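Participant: Take this structure, written in structure tokens, and hold onto it; I'll ask about it next.
Each reported figure results from applying straightforward, stated rules to the coordinates on display, with no laboratory input. These numbers were taken from a predicted model, which means no experiment stands behind them. Here Cβ is always computed from backbone atoms with ideal geometry, including for glycine, and neighbour counts include all displayed protein chains.
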Amino acid sequence: MTAVQTPPAPVTAVLKRRLFKTYVILALFIAEKAAGNLSLAWGMKRLPDGSNANPMLYLRAIFDPFVAMGIVALILALLTRMVLLSLADLSFVLPVTAIGYVIAAILGHSVLHETVSDRRWLGTILICVGAALVSSCPRTKTVRREPPR
């Protein structure tokens, strides 16, 4: 007589949880990267003219609070991307995280009052379309196959 085993959780429920977790971490990564880039740009724009090649100017810049916050946020974004890559395929992660470029253009225009040309807006729209196409792919992690014995 064999022992009765409880059936495993439905595969679809597991996949839905994994997909939800992937998208939450993806949103966190995009937010950290956008905040880091915005803070870094804001801090660098507050410094004196950086067109010279004086390395001391850039060493001093590291201690500007906005630059420091930007560096910390970008380090957190890197760590978050590592987690994201453990959950999803590279061919999914990189195109979808490109939506951060769109957010950067919007933040640059609205917060930093940068001029964004029509060609740049068109490029950001193309990035959005590409990210939407890639994110609509149902598989987010390649299944590892065991080698034949």
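Participant: Using a Förster distance of 30 Å, how high is the FRET efficiency between residue 49 and residue 91, based on the Cβ-Cβ distance and rounded to 0.05?
Facilitator: In this case the efficiency is close to 0.10.
Participant: Here is a follow-up. Please give, to one decimal in nm, the separation of the simple spin-label points placed at residue 20 and residue 113, each 7 Å out from Cα toward the Cβ.
Facilitator: 4.4 nm
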